[in-house]
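Here the structure comes first, spelled out in structure tokens, and everything after it is commentary.
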Amino acid sequence: MYASQTTYHRAGSVSEAVRLLSENEGAKILAGGHSLIPLMKLRLSSPEALVDIGRIESLKGITGKDGAVCIGALATHAEIASSDVVSERVPLLAEAAGKVGDPAVRNRGTIGGNVSHADPSSDLPTVLTALDASYCVTGPGGERTIAAADFATGLLETALGENEVLTCVCVPSEPSGSGSAYVKFSHPASRYAVLGAAAVLTADGGRCSSASVAIGGVEPMAARSASAEAALAGSDLSDGALDAAAAAVCGDFGDNVLEDIFASSEYRKAMGPVYVRRALCEARARMG
Ligand SMILES: Cc1cc2nc3c(=O)[nH]c(=O)nc-3n(C[C@H](O)[C@H](O)[C@H](O)COP(=O)(O)OP(=O)(O)OC[C@H]3O[C@@H](n4cnc5c(N)ncnc54)[C@H](O)[C@@H]3O)c2cc1C
């Protein structure tokens, strides 16, 4: 199907993008187009205007800064997966970016578009939530920062205000000696995650000193599992401790477990602990 008629604008800077969004009611930002264009062709989205941010230089690039990595909103999944600074400081993000879709999707899709689309099955929101990332946004009122955990507010909904542009994703480096892993149950055709689990584990003197566990694709937004993290805290990270933590994940699922043509809510609830356990095992094996 063809998309409905729309007006195309190309922004040369973030301030121009904000101005164009403000001047064109019902306009939407276009980045890699790998989520928005399919929605438009299905007529599930019919924006009056598109503001293409794809050539804004200040939104490109990946840099290491004071114990963190700052990733421009236009960085593609392929750039993130192959970045040395990302692989050294936040290997969990490099791993997840490398598992997005196929090469065509990874070469066009951007981190800013991925998180702004707020699809619960997207890979990056799950790992960015586990990594305590934050998002810099610019709008008519200036700049502000939103924590990854607070960014998605519902299915395909975000905390982005009217006419705001996500400019940069800031990710703290993983603690030294920690191990991390992202595992996903991929749909065989699209490779979207039916569900995905991320874990970061750190130990001190044989005991778990910090644990971060996040799961995506089960509820409308990716979320940390406070119960799994509590079960791991201070544990010896033995098989039994990982079993207990994985089982605890179910206690955090609310009434909104997703159900669609790919998996029932019962199946997702049953697979949650399985994939969390796999992520924990892999993270433990990678600890330095
Ligand atoms: C066949 C296929 C398979 C895929 N498989 C996976 C997968 O396995 N895992 C996965 O995570 N994703 C997958 N995706 C989605 C892909 O990762 C997209 O790249 C991503 O979801 C959107 O990024 P984009 O740059 O293409 O954004 P666009 O499609 O251009 O935009 C998406 C949405 O975000 C908004 N937006 C974009 N950039 C900004 C910004 N800087 N600030 C504010 N709002 C913005 C747009 O207005 C739009 O609403 C797949 C897509 C396809 C087509």
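Figure legend. Inter-residue proximity from segment 179-197: first residues farther than 12 Å from V127 by Cα and polar (S, T, N, Q), second residues away from the ligand (no atom under 11 Å from the Cβ) and modelled with pLDDT of 95 or more, beta-carbon distance below 8 Å, spacing 6+ or different chains. No pairs are indicated.
Residues checked against (1) of a type outside the set (A, V, I, L, M, F, W, C); (2) assigned to a strand (DSSP E or B); (3) buried (at least 19 other Cβ atoms within 10 Å of the Cβ):
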{"residue": "A198", "(1), (2), (3)": "no, yes, yes"}
{"residue": "V218", "(1), (2), (3)": "no, no, yes"}
{"residue": "A231", "(1), (2), (3)": "no, no, yes"}
{"residue": "D236", "(1), (2), (3)": "yes, no, no"}
{"residue": "G251", "(1), (2), (3)": "yes, no, no"}
{"residue": "N256", "(1), (2), (3)": "yes, no, no"}
{"residue": "P273", "(1), (2), (3)": "yes, no, yes"}
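At least 3 residues being on the phi < 0 side of the Ramachandran plot and more than 12 Å from the ligand (Cβ to nearest atom) is the threshold, and among the helices (runs of 4 or more DSSP H) wholly inside segment 2-90 those reaching it are 14-23, 84-89.
Looking at segment 128-149, which of its residues are more than 10 Å from the ligand (Cβ to nearest atom), touching a strand residue (DSSP E or B) at 6+ places or on another chain (Cβ under 9 Å) and either assigned to a helix (DSSP H, G or I) or of a type in the set (G, A, S) (or both)? Scanning segment 128-149 gives L128, T129, A130, A133, S134, A147, A148, A149.
If you go through segment 70-97 and keep only what is more than 15 Å from the chain's Cα centre (by Cα) and closer than 21 Å to E57 by Cα, you end up with E79, S82, S83, D84, V85.
Scanning segment 19-34 for residues that are crowded, with 20+ Cβ neighbours inside 10 Å and in contact with a Ser or Thr (Cβ under 9 Å, 6 or more places away or on another chain) turns up A27, I29, A31, G32, H34.
Inside segment 98-107, residues that are more than 6 Å from the ligand (Cβ to nearest atom) and either in contact (Cβ under 8 Å) with a residue 60 or more places away in the chain or not charged (D, E, K, R) (or both) make up a count of 6.
Could you tell me whether V18 is aliphatic (A, V, I, L, M) and in the same structural domain as A148 (by TED's automatic domain parsing)? No. Inspect all residues belonging to segment 153-164 and state whether any of them is at negative phi, assigned to a strand (DSSP E or B) and within 12 Å of the ligand (Cβ to nearest atom). Yes, segment 153-164 has at least one match.
The values are calculated or read from the model by the stated rules, or taken from the named source; none is laboratory data. It should be emphasised that the depicted structure is a prediction, and the values quoted were computed from it without experimental measurement. Cβ atoms come from the backbone with ideal geometry, glycine included; neighbour counts cover every protein chain shown.
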